[in-house]
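The values are calculated or read from the model by the stated rules, or taken from the named source; none is laboratory data. Being a predicted model, the structure only gives us computed values, none of them experimental. In this analysis, Cβ positions are derived from the backbone assuming ideal geometry, glycine residues included, and neighbour counts consider all displayed protein chains. Ligands, DNA and RNA are stripped out before the accessible areas are found, and what is left, the full protein with its side chains, is counted by its heavy atoms. Shrake-Rupley method; radii C 1.70, N 1.55, O 1.52, S 1.80 Å.
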Amino acid sequence: MAGRGGVSKHPHGHTHWDGLVPPECQPHPCILRLSATLNWEPAREPLHQDIDSRKVCGVGPGMSFANAVRDHLGGGCLGLVPCAVGGTAIKKWDRGQQLYENMLKRSKESLKSGGEIKALLWYQGESDTSTYHDAEAYKGNMERLIRNVREDLGLPCLPIIQVAIASGDGKYTEKVREAQLGMDLPNVTCVDAKGLPLKDDNLHLTTQAQVTLGHMLADAFLTNFNAPLLNSKNRTIFESA
């Protein structure tokens with residue numbers, strides 16, 4: 001979710017982003033992001049550069065998602081709250097863990113300007129494919145995370161749109177995908193990234209695949225959850241994790 005589109009490694013080990021921003025990911029005055037220092041600012045790629053700060057970030061699905069949803073806002077602003085840290089297993093997002101608590105803190109901060117959290121976008125799971133135990137536990141861990149975040153934000157019906165992973169670090173990718181696609185909780189939907197083009201590392205999505213995924217997430221949101229959005233007068237907040 002943090003975005004590795006356009007990120008490559010030089011032969012000497014240096015990793016860099018090519019700086020290419022597709023038209024679908026361009027900034028717009030009505031799309032904001034909450035920075036690492038909890039300030040609203042114009043959203044632009046790479047969305048997660050100060051959040052997933054130990055790695056090089058590139059293009060992710062967030063901006064193409066936001067631009068695709070923007071036309072349906074009815075004049076309001078859309079706020080993205082990037083919280084993703086790449087290469088993290090789901091147990092790192094349990095209640096009490098730093099990543100979860102930081103996501104919670106940022107989410108609550110985003111409400112102080114009078115906005116409303118409309119959805120959580122969740123793209124994670126590759127790090128849980130290495131062992132049978134982790135893959136087997138994924139469904140229960142994800143369901144607990146959804147219960148926790150809804151409870152801690154006081155939003156029992158918070159829409160969750162998760163991505164079924166396209167690749168994995170280990171041999172149990174299909175088991176994790178099965179859990180993601182089989183999640184049977186209210187207001188939880190899933191889009192499938194399998195088949196989207198991967199970079200040479202056979203793990204991360206290409207820039208264009210990230211754009212496509214953003215559109216898939218937007219379609220899922222607008223199809224399943226757009227009524228509250230269209231009726232809202234407040235700033236609309238999307239949380240990206």
* Cut-off 10 Å between beta-carbons: net charge of the residues surrounding CYS25, Lys and Arg +1, Asp and Glu -1 -> -1
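Whole number in Å², please: accessible area per residue of the chain, 1.4 Å probe, ligands, DNA and RNA not counted. Spell out each step's value before the answer.
Working: 10850 Å² over 241 residues.
Here the residues of the chain average 45 Å² of exposed surface.
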* Whichever aspartates and glutamates have a C-alpha closer than 19 Å to that of LYS108, once near sequence neighbours (fewer than 8 apart) are set aside -> GLU41, ASP50, ASP94, GLU116, GLU151, ASP152, GLU239
* Asked: Arranged from highest to lowest average of other beta-carbon atoms within 10 Å per residue, in what order do the peptides 208-216, 83-91 appear?
  -> 208-216, 83-91
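Assigning unit charges at the beta carbon (Lys, Arg +1; Asp, Glu -1) and nothing else, what dipole magnitude in debye, to the nearest 20, does the stretch 33-94 show about its Cα centre? Please report the intermediate quantities before stating the final value.
Details: 7 positive and 6 negative charges, 37 e Å.
For this selection, approximately 180 debye.
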* Structure fact -> Placing one equal point scatterer on each C-alpha of the stretch 1-158 and summing with Debye, one gets log10 I(q)/I(0) at q = 0.10, 0.14 Å⁻¹ equal to -0.40, -0.78
* Asked: To the nearest 20 debye, what is the magnitude of the charge dipole of the chain about its Cα centre, counting +1 on the Cβ of each Lys and Arg and -1 on the Cβ of each Asp and Glu?
  -> 460 debye
* **Which listed pairs, of LYS118/LYS175; LYS92/LYS194; LYS92/LYS139; LYS55/LYS139; LYS9/LYS171, have C-alpha distances above 20 Å, in listed order** => LYS118/LYS175; LYS92/LYS194; LYS55/LYS139; LYS9/LYS171
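What number, rounded to the nearest 500 deg cm²/dmol, is the helix-based mean residue ellipticity at 222 nm of the chain, given -39500 (n - 2.57) per DSSP H run of at least four residues and division by all its residues? Display every interim value, and only then the final one.
Working: 5 runs with 78 residues, N = 241.
Result for the chain: -10500 deg cm²/dmol, rounded to the nearest 500.
Jot down the per residue volume, in cubic angstrom and as a whole number, of the convex hull over the alpha-carbon atoms of the stretch 57-148.
Details: hull volume 11.1 nm³, N = 92.
Spelled out: Cα convex hull of the stretch 57-148, divided by residues, is 120 Å³.
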